[in-house]
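Enquirer: One structure, pasted below without further comment.
The values are calculated or read from the model by the stated rules, or taken from the named source; none is laboratory data. What you see is a predicted model; the values in this text were computed from it and never measured. When we count neighbours, we look across all protein chains shown, and the Cβ atoms used for this are built from the backbone with ideal geometry, even at glycine. Surface areas here come from the heavy atoms of the whole protein model, side chains and all, with no ligands, DNA or RNA. Shrake-Rupley method; radii C 1.70, N 1.55, O 1.52, S 1.80 Å.
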Amino acid sequence: AMDGYRGFLGLLVSALLVGFLAVVFSLVWVLHYREGLGWDGTALEFNWHPVFMVTGFVFIQGIAIIVYRLPWTWKCSKLLMKSIHAGLHTVAAILVIISLVSVFDYHNAGNIPNMYSLHSWVGLTVVILYILQLLLGVLVFLLPWAPLSLRALVMPMHVYSGLLIFGTVIATVLMGVTEKLIFGVSGYSSFPPEGVFANTLGLLNVVFGALIFWIVTRPQWQRPKEPNPILFQPNGGAREGAEGSAINFSHVDQSDSKLNNEVAAKKRNFSVDEAGQRSTM
């Protein structure tokens, strides 16, 4: 059973509500204050950018990050959860790519320079890193041919870079909202309704990110680890549990049944050999 289940459930519901509210705010912003959505090279096409960024890069990515923490999925196979994790990130990546196309189409149609602001520099960088992170995760953790040693090496970097990317996305969204308000809203310093509304949208993204970070960094809410295989060194005299005689990949995903079966067979063979030696003695 999960420790602090009620606290986890409260934070999870709060995160989902805040994230969904941020998506709604992004839609209201472009539909009510920015004249709506379209795909014609005008500002209506640009408006897809904040909607898809908040929906995909913030909300869906946040859900993908905490999907392993849902206790009612702990009985599901690790392969299924990895597929859901990768699928959510793929949906987010597709929305992000569409949002970038809308920005470049709008800029090119209006002869507006591309990639001149800090928002655009950080934004494009984090998109590239996000896609590379997704591809690396699929190749190393989802597909079956990566060795356990490689998974053990990559896992800490995968976790750290995922959280770093998510935090950078939140910061990039804040820069984008501020940039749009400064360029597009006259009298921004006099607290116009659109400025207050968009600032609130930025705060919702910050709160959502904070809740996701808290959920994913609590060790008591971590998915229980499956039994870890122990690979014995061919030194002839090592016993299970002896220091230096085994390599314990405690941070490696052990969902591949083929690998588990092979390791279990090695352990059985070792036990039989050891029992035979003791009997002879």
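Enquirer: Please work out how much accessible surface Asp105 shows to a 1.4 Å probe, ignoring ligands, DNA and RNA, in Å² rounded to 10.
Expert: 60
Enquirer: Oh, and also: What ranking, highest mean first, results for peptides 89-98, 179-188 when packing means the other Cβ atoms within 10 Å averaged over each residue?
Expert: The peptides rank, most packed first, as 89-98, 179-188.
Enquirer: So for the range 2-221, averaging the separation of alpha carbon pairs under 8 Å that are six or more residues apart and normalising by length, what relative contact order in percent results?
Expert: Computed value for the range 2-221: 32 percent relative contact order.
Enquirer: Sorted by packing (mean other beta-carbon atoms within 10 Å per residue), highest first, where do 17-23, 106-112, 212-218 land?
Expert: Sorting 17-23, 106-112, 212-218 by mean packing, highest first, produces 17-23, 212-218, 106-112.
Enquirer: With a sphere of radius 13 Å drawn around the Cβ of Leu11, what net charge do the other residues whose Cβ falls strictly inside it have (Lys, Arg +1; Asp, Glu -1)?
Expert: With Lys, Arg at +1 and Asp, Glu at -1, the net is +3.
Enquirer: Could you check how much of the accessible area of the range 2-221 is carbon and sulfur, as a whole percent, using a 1.4 Å probe?
Expert: About 76 percent, which is the carbon plus sulfur part of the accessible surface.
Enquirer: Assign one of three labels to the range 86-131, namely rounded, prolate or oblate, based on the Cα gyration tensor with a ≥ b ≥ c the square roots of its eigenvalues; rounded applies when a/c is under 1.5, prolate when it is not and a/b is larger than b/c, and oblate otherwise.
Expert: Verdict is oblate for the range 86-131.
Enquirer: Which value, in debye to the nearest 20, describes the size of the charge dipole of the range 2-221 about its Cα centre when Lys and Arg Cβ atoms bear +1, Asp and Glu Cβ atoms bear -1, and nothing else is charged?
Expert: 940
Enquirer: Skip the ligands, DNA and RNA, and give the accessible area per residue of the range 2-221 with a 1.4 Å probe, whole Å².
Expert: Per-residue accessible area for the range 2-221 comes out at 49 Å².
Enquirer: Still on this structure: Taking the Cβ of Ile66 as the center, what net charge do the other residues with Cβ under 11 Å away carry, scoring Lys and Arg +1 and Asp and Glu -1?
Expert: Local charge sum for Ile66: +3.
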